[in-house]
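See below for the structure under consideration.
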Amino acid sequence: MKRSAVVFSCILLAAAAVTARAQAVPSATARQFSITAGGLASVFQPDYAGGYAEAPNTLWYPFAGAASQPLIGPGAFVDLRFNRWVQIEGEARWLRFNRPQGVFDRAVYTNTQVYLDQDTHEDNYLVGPRVPVYHFWKATVYAKALAGLSKMDLGGGEHGSFTAMAFGGGMDVRLTKRISIRAFDAEYQYWPAWGNSTLSPYGASAGVSYKIF
């Protein structure tokens, strides 16, 4: 009788342990996924000063070159966190401010005409993996590699959409359970097919985010 009681007690304890484990694991797994959304303020060197060139017997085409002043604009981002190492970030940026306007120049260099129309802007719509590299205190340092579409006003009534890739990283600092500061985000972009060449805008952003779920 005593042996039966001991066996029955062991069975009950094992069943309770299995039940507790079954309840704990799904809840821990459920907490892995989260959605965070935020806003940004960005400053970018567009790598385009508004220049058009025309060689003899050819059409006008834009050419890359550092702008005299950076473009500034707002942005937004969404982070999807599936687990510690699997994360996706999507970002949008509208660099519409600080554009020099009404400044035109025209020159001739050895039969090549150069026309500068400094009324341009760049918009970015990118998505890709985000990887946390290092965590300390309440801060997370991350790296990212994004790809997508960039739209650009070339000035002079010309505009277009271009494939863009972006590589960079930054640091998020958690203030509360749901609110974080994006202390900085640095990004280098590469547009592989832009006119007759390539384009390489780069810049930095900062902002704030809210953990929705």
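Candidates are the residues of segment 173-207 that are β-branched (Val, Ile, Thr) and closer than 19 Å to Phe136 by Cα; the one that is surrounded by the fewest Cβ atoms within 10 Å (Cβ to Cβ) is Thr176.
Let's see how each residue does on (1) touching a strand residue (DSSP E or B) at 6+ places or on another chain (Cβ under 9 Å); (2) at pLDDT 90 or above; (3) among the small types (Gly, Ala, Ser):
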{"site": "Asn124", "(1), (2), (3)": "yes, yes, no"}
{"site": "Val127", "(1), (2), (3)": "yes, yes, no"}
{"site": "Val133", "(1), (2), (3)": "yes, yes, no"}
{"site": "Phe136", "(1), (2), (3)": "no, yes, no"}
{"site": "Leu146", "(1), (2), (3)": "yes, yes, no"}
{"site": "Gly156", "(1), (2), (3)": "yes, no, yes"}
{"site": "Gly168", "(1), (2), (3)": "yes, yes, yes"}
{"site": "Met171", "(1), (2), (3)": "yes, yes, no"}
{"site": "Leu175", "(1), (2), (3)": "yes, yes, no"}
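Residues that are in a strand (DSSP E or B), modelled with pLDDT under 55 and not acidic (Asp, Glu) do occur in segment 90-104, at least one of them. When the residues of segment 19-46 are filtered to those that are surrounded by 19 or more Cβ atoms within 10 Å (Cβ to Cβ) and touching a Leu at 6+ places or on another chain (Cβ under 9 Å), the one that is modelled with the lowest pLDDT is Pro46.
In segment 191-207, of all residues being at pLDDT below 95 and part of a strand (DSSP E or B), the one that is farthest from Val127 (Cα to Cα) corresponds to Ser197.
If the condition is being in a strand (DSSP E or B), surrounded by fewer than 13 Cβ atoms within 10 Å (Cβ to Cβ) and of a type outside the set (S, T, N, Q), then segment 150-172 contributes His159, Gly160. Of the listed requirements (1) within 11 Å of the chain's Cα centre (by Cα); (2) under 17 Å from Ile35 (Cα atoms), Gly169 misses just one: (2).
The values are calculated or read from the model by the stated rules, or taken from the named source; none is laboratory data. Fair warning: this is a prediction, and the values are worked out from it, not measured in the lab. Cβ: placed from backbone, ideal geometry, glycine included. Neighbour counts: every protein chain shown.
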